[in-house]
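Everything below concerns the one structure shown next.
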Amino acid sequence: MTDSNDPTLAPAPGQGRPKPGLSAYHESSQFKHWRYSRAGLDKLRTELNEKSKEVTARNVAAEKAAQESLGHTSSLLTPAYLSVADELLLVRFYCSHASTICRQGFGSPEEVEATAISYIKRFYLKNSVMEWHPKQIMPTCLYLAAKTTNHNIPIEVFVKKFEKFKAEEVLDLEFLVAQSLSFEFWVRGAERALRGWALELQSSPITGAGERAQRALPKALQALSASRMTDAEFLFSPAQIALACYRLADRELTDAFLAAKYDSAEEGNVPFGIAQDGLLRISGEVEAMIQTGEAQHDLKKVKEVDKRLKGCANPEKVPGTALYIKRKAEREAKAEQDKKEKQDKAARAREADGMVFGRDLKQPAANGDPFEG
């Protein structure tokens, strides 16, 4: 069922974060930490993009120095950095790719697909495409989503679906992804809300409502799948998204149901916690977002952006670069030093124990009685 306590009005740009309501969603970490105003989301991405450009520029200079230290002639040019729109295009392409793998590669439940796509999108609110290529991150998000939704796929089976991917490449990034998600793995998608709207429409007294609602469900589910390629989950509640999907599937039936619901409401009781015109306005915004998102997969543009990304990717994160090799050697040397310091500390502790409590007693000889004279 749809949540009658769901205050569905989303904040307008500049209003700041919405206030929690009474539903499970509004009390969740998803609402508290992954819900934004449009202005807030744009600002977050712009700042992340600018910061990544600065980091990459420093590391490109460090890569040149590292190459020269190895006696190589650097051929690096000034990178053509990606814009926020470029980054979003690439992220959404890999979200679409994750959806295909879930459905055709593993036959995973919709819950796994929705969770994996949310993980990818959340990851890139904390990290830039110029730092971590989505083709590296997407498999780990998918593997982690299967685990967190209790549909675990053995790693040796999982990697077979990805060309030239090794198990360690997926597992090595698992902590990075989890950390970027703030270890908040629960995702409340709009699937349950959509089923709730279906039940409400089917039980409506409108003539033929049950049959029409059932007939519209596949199209509504298709719209829901398309919504995952957009920012809808960061801006609207699951109930809002689900309603928009049903309106796209059968607007006449859905609007007739809403009109009847509001007309029959007792005085002072506002259905769904929002006025009818406000609910329809929000639904229209979500619908427009879904329809725009469906037309954004330009493969030619994706390839062009991906080609440019090769020239502006952070060399520190690209295996085989001089800087990657240098940083790896530094990490290994530090790990070895830390290990040695830990061993030395343990040895000093044992030595101190010996000074306080005395040395270990020597074992008696194997032959003879130690108490004999």
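Rule-based calculations on the coordinates, nothing more; no lab input. From a predicted model like this one, the values you see are computed outputs, not experimental measurements. All Cβ positions, even for glycine, are placed from backbone atoms using ideal geometry, and neighbour counts span all protein chains on display.
Whole-Hz Karplus ³J(HN,Hα) for the stretch 97-105, in order, using 6.51 cos²θ - 1.76 cosθ + 1.60 and θ = phi - 60°, x for Gly and Pro? Result, rounded to whole Hz: 5, 4, 4, 5, 5, 4, 7, 9, x. With the highest mean first, a sort of the peptides 225-233, 185-193, 150-158, 208-216 on other beta-carbon atoms found within 10 angstrom per residue produces 225-233, 185-193, 208-216, 150-158. When the pairs LYS161/LYS300; LYS121/LYS301; LYS126/LYS219; LYS126/LYS345; LYS53/LYS121; LYS43/LYS121 are compared against a 27 Å limit on Cα-Cα distance, LYS126/LYS219; LYS126/LYS345 fall above it. Given R0 = 41 Å, the distance between the Cβ atoms of ARG103 and GLU27 translates into a calculated FRET efficiency of 0.85.
For PHE165 and LYS126, the FRET efficiency from 1/(1 + (r/R0)^6), where r spans their Cβ atoms and R0 equals 22 Å, is about 0.45. Taking packing as the residue-averaged number of other Cβ atoms within 10 angstrom, the listed peptides 139-146, 266-273 run from highest to lowest as 139-146, 266-273. Only lysines eight or more places from LYS166 in sequence, or on another chain, were considered; those with a Cα closer than 20 Å are LYS135, LYS147, LYS317, LYS328. Potential lengthening of the chain between GLU341 and GLU211 amounts to 39.6 nm, from the contour at 0.36 nm per residue minus the alpha-carbon distance. Packing order of peptides 298-306, 130-138, 338-346, 241-249, highest average first: 241-249, 130-138, 298-306, 338-346 (average count of other Cβ atoms within 10 Å over each peptide's residues).
Each label was represented as a point 7 Å from its Cα along the Cα-to-Cβ direction; for GLU47 and ALA65 these points are 2.8 nm apart. Extension gain, LEU176 to GLU332: 0.36 nm times the residue separation minus the Cα-Cα distance gives 54.3 nm.
Coupling constants for the stretch 217-228 follow from the phi torsions by the Karplus curve (6.51 cos²θ - 1.76 cosθ + 1.60, θ = phi - 60°), and in residue order they are 4, x, 5, 5, 5, 5, 5, 5, 4, 5, 5, 5 Hz; glycine and proline get x.
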